[in-house]
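Here's the structure, in structure tokens; my notes come after.
The values are calculated or read from the model by the stated rules, or taken from the named source; none is laboratory data. Just so it is clear, the structure is predicted and the values come from calculations on it, not from any experiment. Quick reminder, even Gly has a Cβ in these numbers, built from the backbone with ideal geometry, and neighbours come from all protein chains shown.
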Amino acid sequence: MAVNIQSVGVIGAGQMGNGIAHVCALAGFSVILNDVSGDRLKASLATINGNMAKQVGKKAISEDDRKNALARIKTAEKYDALAACDIVIETATEKEDVKRKVFADLCASLKPEAIVATNTSSISITRLASSTDRPERFIGIHFMNPVPLMELVEVIRGIATDDSTFMASKAFVTKLGKTIAVSEDFPAFIVNRILLPMINEAIYTLYEGVGNVEAIDTAMRLGAHHPMGPLELADFIGLDTCLSVMQVLHEGLADSKYRPCPLLVKYVEAGWLGRKTQRGFYDYRGAKPVPTR
């Protein structure tokens, strides 16, 4: 029996969490955004409001749409507030132990028929499902960043995911106005399996001195028509996230072609994680980004 999804819980009020809350509220779902930090929840609501205001400015939505959508979003610092949700989407950091702890703590608060989804970009859905009390009602729903702008969502079944969970999840994503790519449960799924090795290769190209930051990004922007160069994109994604995905690929597929570039490791060890820390392959502390190599 497929669940008719009407209310959505979102765990984590970071960049992905507030984007998912944003698109769900605009699509007419009632949303509870959960985070352990009250300050982060306040900041998240301000971000959602600002992003919706931009959409109003571009005439993508009306002022009434914005007001109604914001009214559908509630915030909560505890999991018990998610008790009535039909689906809960986890957007915690891309570390398996953190996600497993979230699921172990969360499930006790949910109704038995609720679907639990993860927004992981690389970790095994089957393995994460095993840390819940409902592997058959567990699924991967991987949104792209930034969520309000990106049209694609990857939907990934674990080995135990049942058909009703899969159908309800697909119907939910379609209602958000997104296009679905169904992926098998292999490390990093489709987009990141192709994208992250390309970024890693760009970092190797820098590491080996084939070109500097500016040359590499210009080459791929103008030579392959990518909207953003691979090093600029790595800074946008977060170099720690890039490294996590490469490590999942390297460990999960045991192929040396996925070995994370030592330069990527060095930047992460330095705490230069890209835009979010103001430094990565570019330095963002001035009026315009300056390459760091």
message = Suppose the filter is over 19 Å from the mean Cα position of the chain (by Cα) and assigned by TED's automatic domain parsing to the domain that holds Asp217; does Leu253 pass it?
response = yes
request  = State whether the residues of segment 252-268 include one that is of a type in the set (S, T, N, Q), in a loop (DSSP other than H, G, I, E, B) and either touching a helix residue (DSSP H, G or I) at 6+ places or on another chain (Cβ under 9 Å) or free of Cβ contacts under 8 Å to residues at least 24 places away in the same chain (or both).
outcome  = no
ask   = Among the numbered criteria (1) in a loop (DSSP other than H, G, I, E, B); (2) within 18 Å of the chain's Cα centre (by Cα); (3) modelled with pLDDT of 95 or more, which single criterion is violated by Ala84?
value = (2)
query = Quick one: Glu94 ticks every box in (1) surrounded by fewer than 12 Cβ atoms within 10 Å (Cβ to Cβ); (2) touching a helix residue (DSSP H, G or I) at 6+ places or on another chain (Cβ under 7 Å) bar one, so which box is it?
reply = (1)
inquiry  = Given the condition closer than 20 Å to Thr165 by Cβ, touching a Leu at 6+ places or on another chain (Cβ under 8 Å), surrounded by 22 or more Cβ atoms within 10 Å (Cβ to Cβ) and of a type in the set (Phe, Trp, Tyr), answer yes or no: does some residue in segment 102-115 qualify?
reply    = yes
task = Quickly run through segment 204-219 and pick out the residues that are of a type outside the set (Asp, Glu) and on the phi < 0 side of the Ramachandran plot.
result = Tyr204, Thr205, Leu206, Tyr207, Val210, Gly211, Asn212, Val213, Ala215, Ile216, Thr218, Ala219
ask   = Just to be sure, is Val153 in contact (Cβ under 8 Å) with a residue 24 or more places away in the chain, surrounded by 20 or more Cβ atoms within 10 Å (Cβ to Cβ), in contact with a Lys or Arg (Cβ under 6 Å, 6 or more places away or on another chain) and closer than 23 Å to Val3 by Cα?
value = yes
ask   = If we scan segment 60-69, do we find a residue that is within 22 Å of the chain's Cα centre (by Cα), modelled with pLDDT of 95 or more and not in a loop (DSSP other than H, G, I, E, B)?
value = yes
query = If you take the residues of segment 266-293 that are among the β-branched types (Val, Ile, Thr) and either over 21 Å from the mean Cα position of the chain (by Cα) or surrounded by fewer than 15 Cβ atoms within 10 Å (Cβ to Cβ) (or both), which of them is nearest to Ile203 (Cα to Cα)?
reply = Thr292
request  = Report whether or not Ile159 is of a type in the set (Val, Ile, Thr), surrounded by 15 or more Cβ atoms within 10 Å (Cβ to Cβ) and assigned by TED's automatic domain parsing to the domain that holds Ala60.
outcome  = no
key: Residue check, Arg134 in contact (Cβ under 8 Å) with a residue 24 or more places away in the chain, surrounded by fewer than 18 Cβ atoms within 10 Å (Cβ to Cβ) and over 17 Å from the mean Cα position of the chain (by Cα)   = no
note = Per the filter on segment 77-135, residues touching a strand residue (DSSP E or B) at 6+ places or on another chain (Cβ under 7 Å) and among the basic types (Lys, Arg) are Lys99, Arg134
query = hydroxyl-bearing (Ser, Thr, Tyr) and surrounded by 17 or more Cβ atoms within 10 Å (Cβ to Cβ): does that describe Thr241?
reply = yes
ask   = Checking Lys54 against (1) surrounded by fewer than 20 Cβ atoms within 10 Å (Cβ to Cβ); (2) part of a helix (DSSP H, G or I); (3) touching a residue at least 40 places away in the same chain (Cβ under 8 Å), which single condition isn't satisfied?
value = (3)
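To keep it simple, each residue is scored yes or no on (1) touching a Ser or Thr at 6+ places or on another chain (Cβ under 7 Å); (2) crowded, with 19+ Cβ neighbours inside 10 Å; (3) closer than 22 Å to Pro146 by Cα.
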{"position": "Met16", "(1), (2), (3)": "yes, yes, yes"}
{"position": "His22", "(1), (2), (3)": "no, yes, yes"}
{"position": "Leu33", "(1), (2), (3)": "yes, yes, yes"}
{"position": "Asn49", "(1), (2), (3)": "no, no, yes"}
{"position": "Arg66", "(1), (2), (3)": "no, yes, yes"}
{"position": "Ala76", "(1), (2), (3)": "no, no, no"}
{"position": "Ala83", "(1), (2), (3)": "yes, no, no"}
